[in-house]
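First up is the structure itself, then whatever we jot down about it.
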Amino acid sequence: MHLDDSWNISEEGFPVQGGAEEKLRFLLNYAVLAPSGHNTQPWLFRLNGDEVELYADRTRGLAVVDPEDRALTISCGAALFYLRTALRHFGYAGEVETFPDPEEPDLLARVRLGREQEATEEEQRLFRAIPERHSNRQAFEDRQVPGRLLFALQAAAWEEGGWLHLAEDAETKHKIADLISEGDRIQHADKRFRRELAARMHSNRSRSRDGVPGYAFGFGEIMSAAGPLVVRTFDMGGGQAAKDRQLAEGSPVLAVLGTEDDTPASWLAAGQALGRVLLRAQTEGVSASFLNQPIEVPELRPQLRDVIGRTGFPQLLLRMGYGPEVRPTPRRTVKEVLIN
Ligand SMILES: Cc1cc2nc3c(=O)[nH]c(=O)nc-3n(C[C@H](O)[C@H](O)[C@H](O)COP(=O)(O)O)c2cc1C
């Protein structure tokens, strides 16, 4: 199988005449295109008659950067939103029950097709954005994102139970950039962090269907092959801090996605909010990438909250804007994420 095949999924393949199980199985082709921390794809699905269960795959957790599986649960939430979006596109209302079994914390959701219901124009646009959306780590153009779209992104986060705080003014962006660069220095000084990151960085020639290929960081062949060794061996926190500061301050918008609580349920909601925000942005050609350092480093998280003056819990920090086209990253196939 070619690595890009996951992204070439054709709607024609939808088994119109098939049963619920066959349909749900097909829809998982869209769920697996969701973003995830270090492209770990920490999800598993189990088809069970007319429903599909979403499980957290904690063996794919990142013990250093995400010891509580917070980002892991957010990633699963994003996959859940992608699945819901695909359900809507193919004409089903979708029925979702989150954390259906208190005895089984890894079971994050149960999803059924639900009744037939035609998708709205907005839902169709979100669906069409799925194969177009990629994290964009390149510098963004010096071009404002329209206020109308920013308002829609805030509404998108709200609809899924989160909030989105936007910073467009130079002073707030500067303060947030300070926290990002401090986070870079703290993280890179920790060799366990560097080892965990290096283990998920791959050369551009790798056949691996998870982890992040060098090209996603803008690396050429040689740098992509040497990158993991360099990251693992040297503390380049200073250089990373300078680069991220420039990217953050040069982006038209920094966006903090947050929730009122900091529980597995709010992480799953944050993931669905992330999915909706990223796809909504993509419908208008706006890309995003992540600068989560001040949320991942525990002592910086309350400082970020103070800078933006919000109650609740920052979950993700994004920069948004118009960037050059970037390539998709690999995904595992549906077969690989199904449990029998
Ligand atoms: C919860 C979460 C946390 C992430 N954190 C980072 C991050 O700190 N730095 C980064 O460059 N990308 C981060 N990403 C982006 C992933 O690396 C990216 O989604 C993954 O490699 C798949 O690529 P794609 O988004 O282009 O499909 C994060 C994504 C998610 C969902």
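Simple spin-label estimate for Arg148 and Arg58 gives 4.7 nm between the two label positions (7 Å along the Cα-to-Cβ direction from each Cα). Ordering Val64, Gly37, Gly49 by the projection of their Cα atoms onto the charge dipole of the stretch 1-67, which places +1 on the Cβ of Lys and Arg and -1 on the Cβ of Asp and Glu, puts Val64 at the extreme positive end. Taking the Cα centre of the stretch 53-156 as origin and assigning +1 to Lys and Arg Cβ atoms and -1 to Asp and Glu Cβ atoms, the resulting dipole is close to 460 debye. Seen through its C-alpha gyration tensor, with square-root eigenvalues sorted a ≥ b ≥ c, the stretch 1-67 comes out oblate because a/c lies at 1.5 or above while a/b is not bigger than b/c. Of all lysines in the structure, those lying under 28 Å Cα to Cα from Lys335, and not within fewer than 8 positions of it along the same chain, are Lys23.
Given their separation in residues at 0.36 nm each and the Cα-Cα distance between them, His174 and Glu21 gain 50.1 nm when the chain is fully extended.
The value of relative contact order for the stretch 199-330, using C-alpha pairs under 8 Å at least six residues apart, is 28 percent.
Solvent exposure of the chain, expressed per residue, is 45 Å² of accessible area, with all protein chains present and a 1.4 angstrom probe. Counting only Cβ charges, +1 for Lys and Arg and -1 for Asp and Glu, the dipole size of the stretch 150-190 around its Cα centre is about 40 debye.
With helices as the sole contributors, the chain gives -13000 deg cm²/dmol at 222 nm; each DSSP H run of n ≥ 4 counts as -39500 (n - 2.57), and the sum is divided by every residue. Selection among Asn292, Leu24, Thr98 by position relative to the dipole of the chain gives Asn292 as farthest towards the positive end (Cβ unit charges, Cα centre). Basic side chains Lys and Arg get +1 at the Cβ, acidic Asp and Glu get -1 at the Cβ, and with that the dipole of the stretch 198-337 about its Cα centre reaches some 580 debye. Measuring nothing but protein heavy atoms, the accessible surface of the stretch 8-85 at 1.4 Å probe radius is 44 percent carbon and sulfur.
Leu164 contributes an accessible area of around 10 Å² to the protein surface, as traced by a 1.4 Å probe with all chains present.
The values are calculated or read from the model by the stated rules, or taken from the named source; none is laboratory data. These figures come from a predicted structure and were not determined experimentally. Neighbour counts run over all protein chains shown; Cβ positions are idealised from the backbone, glycine included. The protein model used for the area step is the full one, side chains on, heavy atoms only, and it has no ligands, DNA or RNA in it. Shrake-Rupley method; radii C 1.70, N 1.55, O 1.52, S 1.80 Å.
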